[in-house]
Amino acid sequence: MVCPGFAWPGWGLTKTTPDDQIALLKQLVTSGSLLSGAERDYALSLMEDVTPSQRWGVSGGVPAHVTVALKNGWLPLPGSGSGWQVNSVGWIHGGGRDYLMAVLSTRNPSSQYGIETIGQLAAMAWQGMR
């Protein structure tokens, strides 16, 4: 997708919804989906092995022994004072819990603000599933 004001196309600039992201995640975690087991395993292995500095978002508040497969994204929005788009989607499983989560946020005053907010929401979700 090409977005006005950006010189490059890319996945991060596509239009999506949390429902879209959950539907995509379901394809990765459900046998019998459109993807083969090998394809699902490969995608999930990439999502489970992200760079430590990018291991934030839906992993917020989740204990170390729990597996998290996630994809995060962040982008300054065009225009003065438009803030940041910060997103995190993933599959959290272990510790007696197994759930999908997608948080798409916009107009964050900074990328760090969005990261911290999503992390707090994720921690609330984890704690709420006791």
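The values are calculated or read from the model by the stated rules, or taken from the named source; none is laboratory data. On a predicted model such as this, the values are computed, not experimentally measured, just so you know. With ideal geometry, Cβ positions are generated from the backbone for all residues, glycine too; neighbour counts draw on all protein chains shown. Note: accessible area is taken over every heavy atom of the protein model, side chains too, but ligands, DNA and RNA are not part of it. Shrake-Rupley method; radii C 1.70, N 1.55, O 1.52, S 1.80 Å.
Computed from the C-beta positions of residue 23 and residue 46 and an R0 of 22 Å, the FRET efficiency is 0.70 to the nearest 0.05.
Convex hull of alpha carbon positions in the stretch 28-78: directionally averaged projected area 5.2 nm². For the chain, taking the reciprocal of the average inverse distance between every pair of different Cα atoms yields a Kirkwood hydrodynamic radius of 15.6 Å. Treating r as the C-beta distance of residue 14 and residue 130 and R0 as 30 Å, the FRET efficiency rounds to 0.25. For the stretch 100-115, 3J(HN,Hα) computed residue by residue from phi via the Karplus equation (6.51, -1.76, 1.60; θ = phi - 60°) reads 10, 9, 9, 10, 10, 10, 9, 6, 6, x, 8, 5, 4, 4, x, 4 Hz, glycine and proline entered as x. The angle between the Cα long axis of helix 18-29 and the main principal axis of the chain comes to about 40°, on a 0 to 90 degree scale. Entry note, the chain: relative contact order of 23 percent, from Cα contacts under 8 Å with a spacing of 6+ residues. Computed from the alpha carbon positions, the gyration tensor of the stretch 60-130 leads to an equivalent ellipsoid with semi-axes of 27, 11, 8 Å, biggest first.
Relative to the current alpha-carbon distance between residue 99 and residue 39, full extension at 0.36 nm per residue lengthens the span by 19.6 nm. Largest accessible area first, the residues 99, 42, 113 order themselves as 42, 113, 99 under a 1.4 Å probe with ligands, DNA and RNA left out.
Using just its DSSP H runs of length 4 or more, each adding -39500 (n - 2.57), the chain gives a mean residue ellipticity at 222 nm of -10500 deg cm²/dmol after division by all residues. Fully extending the segment from residue 111 to residue 67 would add 13.4 nm, taking 0.36 nm per residue of separation and subtracting the current Cα-Cα distance. To the nearest ten degrees, helix 37-48 and the longest principal axis of the Cα atoms of the chain are 60 degrees apart.
Heavy-atom accessible area with a 1.4 Å probe sorts 100, 25, 34, largest first, into 34, 100, 25.
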